[in-house]
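What follows draws every value from the coordinates through simple rules; no lab data is involved. From a predicted model like this one, the values you see are computed outputs, not experimental measurements. Cβ sites come from the backbone with ideal geometry, for glycine too, and all protein chains shown count toward neighbours.
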Amino acid sequence: MADKNERPIKVMAENRKARFNYAIEDTVEAGIALTGTEVKSIRNGKSTIAESYADSKDGEIWLINATIPEYLQGNRFNHEPKRPRKLLLHHREIEKMIGAVERKGMTLIPLSIYFNGRGRAKIELALAKGKQTHDKRQTIKDRDWQRDKARLMRQRG
């Protein structure tokens, strides 16, 4: 039975092109080290992660190039919109991700930022490999065929 305090998961920012541009191998949920104004700004739903990625530095994983706009009522306590943000992961997960990036040439891509049931900001991080142009064309063909197939099935009843 669910706890009384549990809230539904609310996705606040999504990287919609990630699944088209990358072949997703593995996903992991990570916490984000944020300031108070960043949390409020994310709750407003204006943040973007479309051009962001994660990178390792000194045995830690950092979210780079994610835009969380300044909070309007934040005055002098506001944050820098594109600052690097530390991702909170278990040591074993960090080692696994760093190893995959260094050995297999993979990339760490954020898929979405959301608030979990306890109200904590989380990010869904994916280990991904970049797709070639012909792979993207095949993805488009498959998507179009699925759409046409569904349309035909609806017409036949």
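May I ask you to derive the FRET efficiency for Ile24 and Asn75 from their Cβ-Cβ distance with R0 = 35 Å, giving the value to the nearest 0.05?
Working: r = 40 Å, r/R0 = 1.15.
With R0 = 35 Å, the Cβ-Cβ based efficiency is 0.30.
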Item to check | 222 nm mean residue ellipticity, helices alone, for the chain (DSSP H n ≥ 4; -39,500 (n - 2.57); rounded to 500) | outcome: -10000 deg cm²/dmol
Checklist entry - For the residues Ile68, Ile109, Ile24, what sequence is obtained by ranking on other C-beta atoms within 10 Å, fewest first? => result Ile24, Ile109, Ile68
Checklist entry - In what order do Leu72, Leu87, Leu111, Leu152 fall by count of nearby beta-carbon atoms within 10 Å, going from fewest to most? => result Leu152, Leu72, Leu111, Leu87
Checklist outcome for this item: Between Ser56 and Thr133, Cβ-based FRET efficiency (R0 25 Å, step 0.05) works out to 0.30
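Neighbour counts of other C-beta atoms within 10 Å: give me Met12, Met153, Met97 arranged from fewest to most.
Least crowded to most crowded, the residues run Met153, Met12, Met97.
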Checklist entry - Once a ≥ b ≥ c are taken as the square roots of the eigenvalues of the Cα gyration tensor of the range 22-124, is the result rounded (a/c under 1.5), prolate (a/b larger than b/c) or oblate (a/b not larger than b/c)? => result prolate
Next on the checklist: Using each residue's phi in the range 111-123, evaluate 6.51 cos²θ - 1.76 cosθ + 1.60 at θ = phi - 60° and report the 3J(HN,Hα) Karplus result to the nearest Hz, with x for Gly and Pro.
Outcome noted: 9, 7, 10, 8, 9, 6, x, 8, x, 8, 6, 10, 10
Item to check | ³J(HN,Hα) computed for each position of the range 47-59 - Karplus, 6.51 cos²θ - 1.76 cosθ + 1.60, integer Hz, glycine/proline x | outcome: 7, 10, 10, 4, 9, 9, 8, 10, 9, 9, 8, 6, x
Checklist entry - In whole Hz, what ³J(HN,Hα) sequence does the range 148-155 give by Karplus (6.51, -1.76, 1.60; θ = phi - 60°), x for Gly and Pro? => result 5, 5, 5, 5, 5, 5, 5, 5
Checklist outcome for this item: Residues meeting the amide H criterion for Leu111 (H placed from the backbone, H to H distance under 5 Å, 5 or more places apart or on another chain) are Glu124, Leu125, Ala126
